[in-house]
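A quick write-up on the structure given underneath.
The values are calculated or read from the model by the stated rules, or taken from the named source; none is laboratory data. As the structure is a computational prediction, the values presented were derived from the model and not from experiment. All Cβ positions, glycine included, derive from the backbone under ideal geometry; neighbour counts span all protein chains shown. Calculation scope for accessible area: heavy atoms of the full protein, side chains included, ligands and nucleic acids excluded. Shrake-Rupley method; radii C 1.70, N 1.55, O 1.52, S 1.80 Å.
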Amino acid sequence: MTERTDVIDRIWERDPTVWTGADEAKWLGWLDEPRRMRERVADLTAFAGEVAADGLDTIVLLGMGGSSLAPEVLRRTFGAASLHVLDTTHPTAIRALEERIDLERTLFASASKSGSTLETRSHSDYFWKKTGNGAQWIAITDPGSQLEALAGERGFRRVFHGEPTIGGRYSALSAFGMVPAALAGIDVDAILAAAEEMAERCRRDEGNPGYALGCAFGEGWRAGRDKICIAETAGGFGLWAEQLIAESTGKQGKGLVPAPGESPDGPDRQPAVPENADGVALGGEFFRWEFAVAVAATYLQINPFDQPDVQAAKDKTNEVLATGHDPSLEAEGSVDALVAQAREGDYVCVQAFLPPSAENDARIMALVSELRSRTGCVVTHGYGPRYLHSTGQLHKGGPNTGLFLQLVDGGGEELPIPGKPFGFRRLIRAQAAGDFESLKERGRRVARTTVEGS
């Protein structure tokens, strides 16, 4: 038996020793999810028809990380104008969304595997107070969660269960990706058919697309090419892939650094090109990358399904909130001082606690270009708190090769969260403060700068 055959067979046999022999076996439900979800397509399609017939022509997904990134990529890929994804706690962004929609014609989908995600529960409580009509609400969550209980209390229209044996970053082809897609009018059966076909190809000894991509990642990592430069796609595939890569591999001081849109030219880099990511074949591409990252993790000898350092920033956020005071987010360090610390093989990460907007996108990309030019390093970027549920694990648990520049604004006018002693403005500022302190505690090179606006 070849090494290739051994690895492929052991993954499909759910053998945890192909990684670390820990609890990996209980997180492999994603291998069968395309087939399992296809059995639910008729139900999803019928439900989407019922919602549309009731005049609910706008869908707002409330979720973070694995519950929001696949829906966001699907929204962009298919131009689904009826679907909105809210994964920021910035008051300015929440107000802007509220102004764009007709609350009476909106179906809210509260999505959280654990059912206790602070951001999602806060968003849900905020918009529930605005509507208070269970017929306008659904939950997507794992069985027995707090969110399922809340949905029962409030009379939500429907609860869609996720598969408990799938972690968030592997959930694109589960209810967390497919329910929003169906509600947005996307052909989920075709997406899942493509995924099912790719799953079969990823069983093969020869011509296995997922294994080939995973080996490229792993062999590149061994050779010091740990930056995965993901080619841009119209639907922003890299936004989803960076969580999959970063959260799965960034731990124990190791990790692959996803860098969407960055040039693959450089001794510490390797190219990764999404294929067929612009239509229903996207389903196959989701699966190919999931399998590839599972294979790459065998090279790093880590558990790709845990996230041991994600809790750190959450704990720090809660500590800041518990003080009852608005956190001070003064500038600390400087861009010049941070850049001066750059070494060969480092990467720079811009962490923007700003409201997502075209103006801020442009502001961030101008800064990315400047930092790339000044350091010669790969530059990644993300909005906070979104990245805390995506690349945050890598930042704190991966190699100490990152230079982190946090951008903060005034936070906008406070927006109360029903039932909480703090509002969204204090929450996002506490999240910024918490992550900054968590990075410093781990000896990361960090700086914070303030920007005008909000």
Is there a residue being within 14 Å of VAL60 (Cα to Cα), of a type in the set (A, V, I, L, M, F, W, C) and surrounded by fewer than 24 Cβ atoms within 10 Å (Cβ to Cβ) anywhere in the stretch 166-185? yes
Scan the stretch 298-318 and tell me whether some residue there is among the β-branched types (Val, Ile, Thr) and at pLDDT below 95. yes
Going through TRP240, TRP221 one at a time, which residue ends up being surrounded by fewer than 24 Cβ atoms within 10 Å (Cβ to Cβ) and either basic (Lys, Arg) or touching a helix residue (DSSP H, G or I) at 6+ places or on another chain (Cβ under 7 Å) (or both)? TRP221
Which of (1) at negative phi; (2) of a type outside the set (D, E, K, R); (3) within 17 Å of the chain's Cα centre (by Cα) does GLY115 not meet, given it meets every other one? (1)
Restricting attention to the stretch 105-144, and to residues there that are out of contact with any helix residue (DSSP H, G or I) (no Cβ under 8 Å at 6 or more places or on another chain) and open to solvent by 40 Å² or more (accessible area, probe 1.4 Å), which single residue is nearest to ARG158 (Cα to Cα)? ALA135
So for the stretch 382-400 (the condition being in a helix (DSSP H, G or I), surrounded by fewer than 23 Cβ atoms within 10 Å (Cβ to Cβ) and free of Cβ contacts under 8 Å to residues at least 40 places away in the same chain), does at least one residue qualify? no
Scan (1) open to solvent by 10 Å² or more (accessible area, probe 1.4 Å); (2) farther than 30 Å from ALA281 by Cα; (3) at pLDDT 95 or above for the single condition ALA52 breaks and write down its number. (2)
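Based on what the data block shows, is GLU359 among the acidic types (Asp, Glu), at pLDDT 95 or above and farther than 26 Å from HIS123 by Cβ? Break it down stepwise before answering.
Values: among the acidic types (Asp, Glu): yes; at pLDDT 95 or above: yes; farther than 26 Å from HIS123 by Cβ: no.
No: the conditions fail for GLU359.
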Candidate set from the stretch 228-280 (those that are modelled with pLDDT of 95 or more and of a type in the set (S, T, N, Q)); member that is nearest to SER67 (Cα to Cα): GLN243
Can MET37 be described as open to solvent by less than 20 Å² (accessible area, probe 1.4 Å), of a type in the set (A, V, I, L, M) and closer than 18 Å to LEU239 by Cα? no
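Identify all residues within the stretch 255-309 that are of a type in the set (S, T, N, Q), open to solvent by 20 Å² or more (accessible area, probe 1.4 Å) and either in a helix (DSSP H, G or I) or under 30 Å from PRO16 (Cβ atoms) (or both); write none if there are none. Let's see the steps before the verdict.
The initial filter retains those residues of the stretch 255-309 that are of a type in the set (S, T, N, Q), namely 263, 270, 276, 298, 301, 303, 307.
With the extra rule that they be open to solvent by 20 Å² or more (accessible area, probe 1.4 Å), the set shrinks to 263, 276, 298, 301, 307.
Once the filter is applied, which keeps residues that are of a type in the set (S, T, N, Q), open to solvent by 20 Å² or more (accessible area, probe 1.4 Å) and either in a helix (DSSP H, G or I) or under 30 Å from PRO16 (Cβ atoms) (or both), the stretch 255-309 yields THR298, GLN301, GLN307.
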Only one of ALA432, ALA352, ALA362 is part of a helix (DSSP H, G or I) and within 19 Å of the chain's Cα centre (by Cα). Can you tell me which? ALA432
